[in-house]
Each structure stands twice: as C-alpha cells, then as structure tokens.
Amino acid sequence: MPAHVLILGGTTEARRLAADLAARPGIRVTTSLAGRVARPGTVAGEVRIGGFGGAQGLADWLRTHHVDALVDATHPFAEAITAHAARASAATGVALVVLRRPGWQPVPGDRWYDVPSLQAAAEALPCLGRRVFLSTGRLGLSAFAHLTDLHFVVRSVDPPGPPLPPHTELVLARGPFTVADETELLRTHRIEVLVTKDSGGGATAAKLTAARELALPVVVVRRPALPWGVTAVPDEAGVLQRLGLGAA
C-alpha cells in the first residue's frame, strides 16, 4: 500500500480520487494544481499550487517528499505535464498511473468534424458557420485570433488573456451545464457551429446533445496521444486497482 500518493489534479476525477484516498488510514495524499483557475474549489488532503519546473523538477519533488505513487489525473489535453510525469516516473522508479476518462463518441444525428488540433479547427470554421461557440477553455484562443470575419462566443471560468479573435463575446460561467442551459445559450447567441475539445465525461457533454437537437455542426478536437509506453485507466476504480487498493 502506498504511503504517499501525489495526484496531478484539476479534474473531477482527481477530486473524487483524492477524497477516497484521504479517507483511508495510513495514506497521505497530495494534489498538485496548476493554479490556472482563480478559485479551484475544495480538495481533500494536502494541496500544492503551481508547476514543478519540468520533468526534472517533478522528479526532485517525488524524491524529496518520499512519494510512492504518482497519479496523472490532469485534463486529457494537458500534454506537457503528462510527458513530464512519464519522464519523472522513469527517472525515479515511482509508479505512474494515468487516469483518462473515455473520449466522446458520436451517435446518430451528430454532425461532427474531427480535427487533430486547435489550428485545424480554425481552418475548418469558415466553411461551417459565421457565429461560433468556442468551448475549448481559455487557453489556446490565439489559434483563432486571425479569423476576423467570424463572431465568437467564448465561455470560460476566468477571463482569457490576449490574443483573442477581434469579434469575441465572453461568457464567464462554471459548469456543469444542463441540456436546457446549453440550448438556451446556442439559441440566444444564434450559434451556427460549436468547437469543443474531446474532454469526455458527462459534466460537459450537454452541449453536444444541444447541438445535435439543433442540428448544428460540431468541430471536435481529438486528444493528443499518450507518451510512448504509457497506458491509461478510465476511472478511479482503475487507479485503485493499479495501486493495489480495493474500494473504500
């Protein structure tokens, strides 16, 4: 049984896992948050904020704080930290478990356009619609800044920094959102096309249902590949099994 587990967190799954582990006698759990959200909410156990300084910095932290197991439960698009976690695990021998909720899959009635990157999403937009609901978070919006003829509605927990598309309407809100919420937003802003990352999970899937019911095209940015040799588990139960722990 690991005595100290470091969770690279920020997701709903990371919070649930931290709560489970923190309730177990004899296990110390620390959750590391990037600090990109001003009000991250309550997390069970110990919490640290900020980066590590790359793979070497993370490896040093694992050694200094006597970490027995490392869980990468970051967002599926947090490509850099996942790469750092893999390298730090290999350098220290600390076991790594990557938690990734399954990606979304289209169902009948969906009009999805799969693209490999935000840049590719930007290239696809002019042919799909002029009024865009850009639901990709506040990072990476510079990929759309050159699209001066389109109107963007951007939803984010915290205000995004520049550069932004010149015609941008900002909606500050924190989910989860219902299908009714998403349908109202799409109708109110006369949205013609939705852009989203393949985050997976149910917490942000309502917009996909709303887009389907309104027959709107959806540009889906697919996830980056995991580092070579790294596999993922789909849920907290998979993490506990990898750590040699049963249900609480």
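The values are calculated or read from the model by the stated rules, or taken from the named source; none is laboratory data. Since this is a predicted model, take the numbers as computed values, not measurements. As a convention, Cβ positions derive from the backbone with ideal geometry for all residues, glycine included, and neighbour counts pool all protein chains shown. Note: areas computed on protein heavy atoms with side chains; ligands, DNA, RNA excluded. Shrake-Rupley method; radii C 1.70, N 1.55, O 1.52, S 1.80 Å.
The residues on offer are LEU58, LEU62, and the sole one that is under 13 Å from VAL5 (Cβ atoms), touching a residue at least 12 places away in the same chain (Cβ under 8 Å) and assigned to a helix (DSSP H, G or I) is LEU62. Being touching a strand residue (DSSP E or B) at 6+ places or on another chain (Cβ under 7 Å) and either among the hydrophobic types (A, V, I, L, M, F, W, C) or not in a helix (DSSP H, G or I) (or both) is the filter; apply it to segment 75-87 and report the residue that is least open to solvent (accessible area, probe 1.4 Å). In this case the residue turns out to be ALA85. In the condition set (1) under 30 Å from VAL157 (Cα atoms); (2) of a type in the set (A, V, I, L, M); (3) in contact (Cβ under 8 Å) with a residue 40 or more places away in the chain, ALA95 is compliant with all but (1).
Within segment 170-207, the only residue that satisfies the criterion of being touching a residue at least 24 places away in the same chain (Cβ under 8 Å), over 19 Å from ARG111 (Cβ atoms) and in a helix (DSSP H, G or I) is ASP181.
Looking at ASP72, ASP68, can you tell me which residue is of a type in the set (Asp, Glu), closer than 22 Å to LEU21 by Cα and open to solvent by less than 10 Å² (accessible area, probe 1.4 Å)? Don't jump to the end; show me each part of the working.
Details: ASP68 fails: open to solvent by less than 10 Å² (accessible area, probe 1.4 Å).
Going through ASP72, ASP68 in turn, the sole match is ASP72.
Scanning segment 116-169 for residues that are open to solvent by less than 50 Å² (accessible area, probe 1.4 Å), among the small types (Gly, Ala, Ser) and either over 19 Å from ARG223 (Cα atoms) or in a helix (DSSP H, G or I) (or both) yields ALA120, ALA121, ALA122, ALA124, GLY129, ALA143, ALA145, SER156, GLY161. On the basis of being of a type in the set (Asp, Glu) and under 29 Å from LEU70 (Cα atoms), does ASP114 make the cut? No; evaluated as a whole, the condition is false for this residue.
Taking segment 86-138, which residues are of a type in the set (A, V, I, L, M) and over 25 Å from ALA59 (Cβ atoms)? Selection gives VAL107, VAL115, LEU118, ALA120, ALA121, ALA122, ALA124, LEU125, LEU128, VAL132, LEU134.
Spot the failing condition for GLY175; the list is (1) at pLDDT 95 or above; (2) closer than 28 Å to GLY35 by Cβ; (3) not hydroxyl-bearing (Ser, Thr, Tyr), and only one is missed. Answer for GLY175: the failing condition is (1).
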